[in-house]
Amino acid sequence: MILPKYYILDFLGIMMKSNNTQPPTEQSQIYKTRQEYAEQIYNRLKQYKDLLKRDFSIDNRIKSCYVDELLDENDAREIYKAYPDKDNLLLLKDIREYKYVGMQMNKYSPILQEIIYAFQAPKVVALVSEITGFEELLPDQYLYAGGISLMDYGCFLNPHLDNSHDKDRKNYRVLNLLYYVTPDWKEEYGGNLELWDNGLKQRCRTIHSKFNRLAIMITNRTSWHSVSKVKHHGQRCCVSNYYFSSKPGDIEEYFHVTSFRGRPEQKMRDIVLQGDAVLRNGIRKIVKHGIRKPHYYEK
């Protein structure tokens, strides 16, 4: 299907998101298509390709890199404004995590679907392949565990390994692409990506979830990562894409569900979460798709 050049959206939704109390007008806002976003993403990654490739290949740490000012600033702000209220997202809250997510993209502003799928443009995927060295990268049209996420005061993600495969257990999940879109989000607010390069007994490395920043990281059997608790009364919003491959993100083949651990100071929680991971891994070896319906975009 050929997409129209622009989406014309009702201005009322944007006014509500920005808490504007003035009455709506007949004005409309013009947004870019995924092809136009993809062109910006490609050009920015191309500009810093050598630096990103060098950073991603640094030894003795979880392979990762990031680039700032990914999109035109006004475009990035419009993406943030298009985020739905958290009441219209799926709440995930237990001792493992606390966040709001959305992957059924046809329920939200079209701008969000456009930016999500911009990261799946063939030229963008091919360039990320060059940067990371992963061959045969496959974007995920179903957004399995991907989509949009929102974290506000008190939200967090405990240290974890991502599920090793796609929803059909055919390909390995090998890369996370995390695009942060909250303007003026300071590092001290929390909600930052934490990479446990030397295991959970050592200090983690933090990547600030800075506005208009794209972080790329490997996901495999040792890529323990987390999100620090949000300490600010605001919303940290992220656009998430995951790339898959027929080849694992490690030397050997493996399989595991999303597996959480406690932080170094959470001794009891760590014991409980290790047991939880063992139990859920055991169930998935018997029941291929688990006992709970996976979250993905049902087109």
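At full extension, Glu188 and Ser57 could sit 44.4 nm farther apart than now, given 0.36 nm per residue minus the alpha carbon distance. A Förster radius of 25 Å combined with the Cβ-Cβ distance from Glu39 to Gln141 puts the calculated FRET efficiency at roughly 0.80.
Please report the accessible area of Cys65 (heavy atoms, 1.4 Å probe, ligands and nucleic acids excluded) in Å², nearest 10. Its accessible surface works out to 0 Å², give or take rounding. Taken about its Cα centre, region 132-212 carries a charge dipole of roughly 200 debye when the Cβ of each Lys and Arg holds +1 and the Cβ of each Asp and Glu holds -1.
Charge dipole of region 84-220 (Cα centre as origin; +1 on each Lys and Arg Cβ, -1 on each Asp and Glu Cβ, all else neutral): 200 debye, rounded to the nearest 20.
For the chain, the convex hull drawn through the C-alpha positions has a volume of 136 cubic angstrom per residue.
Volume of the convex hull of region 131-220 (Cα atoms only), normalised per residue: 128 Å³.
Annotation: amide H-H contacts under 5 Å for Thr219 (H modelled 1.01 Å from N, sequence separation of 5 or more, or interchain): Leu175, Asn176. Solvent exposure of region 168-299 amounts to 50 Å² per residue of accessible area, where only protein heavy atoms count and the probe is 1.4 Å.
Overall shape of region 45-128 was characterised from the C-alpha gyration tensor. The equivalent ellipsoid obtained from it has semi-axes of 28, 20, 12 Å, in decreasing order. Pick out, from Thr219, Val124, Gly102, the residue whose Cα sits farthest towards the positive end of the charge dipole of the chain, with +1 on the Cβ of Lys and Arg and -1 on the Cβ of Asp and Glu. Sorting the options by dipole projection puts first Thr219. Rounded to the nearest 500, the 222 nm mean residue ellipticity of the chain from helices alone is -8000 deg cm²/dmol, with -39,500 (n - 2.57) taken per DSSP H run of at least 4 residues.
Each residue was assigned an accessible area with a 1.4 Å probe, and for Met268 the value is about 130 Å².
Charges only on Cβ, +1 for Lys and Arg, -1 for Asp and Glu: so what's the dipole of the chain about the Cα centre, in debye to the nearest 20? Taking the Cα centre of the chain as origin, the dipole is about 940 debye.
Where in the chain are the DSSP H helices whose alpha-carbon span along the long axis reaches 27 Å or more and whose Kyte-Doolittle mean is at least -1.0? Those that clear 27 Å and a mean of -1.0 are 267-286.
The values are calculated or read from the model by the stated rules, or taken from the named source; none is laboratory data. Nothing here was measured: the structure is a model prediction, and the numbers come from that model. Virtual Cβ from ideal backbone geometry, glycine too; neighbours counted across all protein chains shown. Ligands, DNA and RNA are stripped out before the accessible areas are found, and what is left, the full protein with its side chains, is counted by its heavy atoms. Shrake-Rupley method; radii C 1.70, N 1.55, O 1.52, S 1.80 Å.
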